[in-house]
Each structure stands twice: as C-alpha cells, then as structure tokens.
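Worksheet: the structure to be examined is printed underneath.
The values are calculated or read from the model by the stated rules, or taken from the named source; none is laboratory data. None of these values were measured; they are calculated from a predicted model. Cβ: placed from backbone, ideal geometry, glycine included. Neighbour counts: every protein chain shown.
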Amino acid sequence: MRSAKGMIRVCLTADPANFPRCVDDRDAVTRSIPAGQHSLRFAALPRGDYAVAVIHDENGNAKLDTFAGIPKEGFGFSNNPAIRFGPPRFKAARFTLASDAEAQQVKMHYIL
C-alpha cells in the first residue's frame, strides 16, 4: 500500500461472469478493512476455484476512482496477472482452494 489512508475493499468470487466486480454474485464474499491492515482471512470457504479483486479506496467512497478510465487508486488481483488494458479475466486471476491453509499474496498497482 502506498498509504494507510482509506479502506481496502476485497471481493472473492467463484463466478467468472461476476469477476472482478462481484455485483450480481450472491455467493461472492466481500470485505472492507482499514488500509493499515495488510491481511485478511476468509473462513470456511468450500474447495474450488476462486479469484480475488482488491482496491485501495484511499478516499473511502466505496469505489475505484478513475480519470479518463485510468485508475487513480490502487488495485490488485489474485495470482498477480499481468495488467494490460482493463482488468484481467477470471482465468488469469483464478486460484484453486484445495486446503484450509491456502494463501494469496496480492501485489497492488498504482498508476496515477
């Protein structure tokens, strides 16, 4: 994180059609934590394929702010796929949860 301001917003989904926003996914798990906290646990998830999207909502307005389509706040994805134009597809961010001790480390990107 480039600062401890604001919130970290996390969306975990198993539905490729709702990645990365999780808007219409009733089974998605979303969390918001203070930006100074750098880890988060999801308990009792069923085994399977998931993808995680993270934003650093520095101003606390519950969305990723952009300027001309370019993110002004930090963002990242599970599996740390290459970032090109727009968010990666579910397949690129997908990881398989196969045990209770799985961990994902998400690299945050700041463009502006």
Check: Which one of these does ALA43 not meet: (1) within 20 Å of HIS109 (Cβ to Cβ); (2) aliphatic (A, V, I, L, M); (3) part of a loop (DSSP other than H, G, I, E, B)?
Finding: (1)
Next item on the list: Out of CYS22, CYS11, report the one residue that is in a loop (DSSP other than H, G, I, E, B) and in contact with a Cys (Cβ under 9 Å, 6 or more places away or on another chain).
Entry: CYS22
Item checked: Residues of segment 13-29 classified as surrounded by fewer than 19 Cβ atoms within 10 Å (Cβ to Cβ) and farther than 12 Å from ALA93 by Cβ, total -> 11
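If I filter segment 77-89 for residues that are basic (Lys, Arg), closer than 17 Å to VAL23 by Cβ, in contact (Cβ under 8 Å) with a residue 40 or more places away in the chain and assigned to a loop (DSSP other than H, G, I, E, B), do I get at least one hit?
yes
Yes or no, residue by residue, for (1) in contact with a Gly (Cβ under 9 Å, 6 or more places away or on another chain); (2) at pLDDT 95 or above; (3) hydrophobic (A, V, I, L, M, F, W, C):
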| position | (1), (2), (3) |
| --- | --- |
| GLY6 | yes, yes, no |
| LEU12 | no, yes, yes |
| ARG26 | no, no, no |
| GLY48 | no, yes, no |
| HIS56 | yes, yes, no |
| ASN59 | yes, yes, no |
| GLY69 | yes, no, no |
| LYS72 | no, yes, no |
| PRO81 | no, yes, no |
Checklist line | Tabulated pairs, segment 43-63, first aromatic (Phe, Trp, Tyr), second at pLDDT 95 or above and not in a strand (DSSP E or B), C-beta under 6 angstrom, 6+ apart or interchain | finding: TYR50/ALA14
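Conditions tested, residue by residue: (1) basic (Lys, Arg); (2) part of a loop (DSSP other than H, G, I, E, B); (3) more than 11 Å from the chain's Cα centre (by Cα); (4) surrounded by 14 or more Cβ atoms within 10 Å (Cβ to Cβ).
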| residue | (1), (2), (3), (4) |
| --- | --- |
| VAL52 | no, no, no, yes |
| ASN61 | no, yes, yes, no |
| VAL106 | no, yes, no, yes |
| LEU112 | no, yes, yes, no |
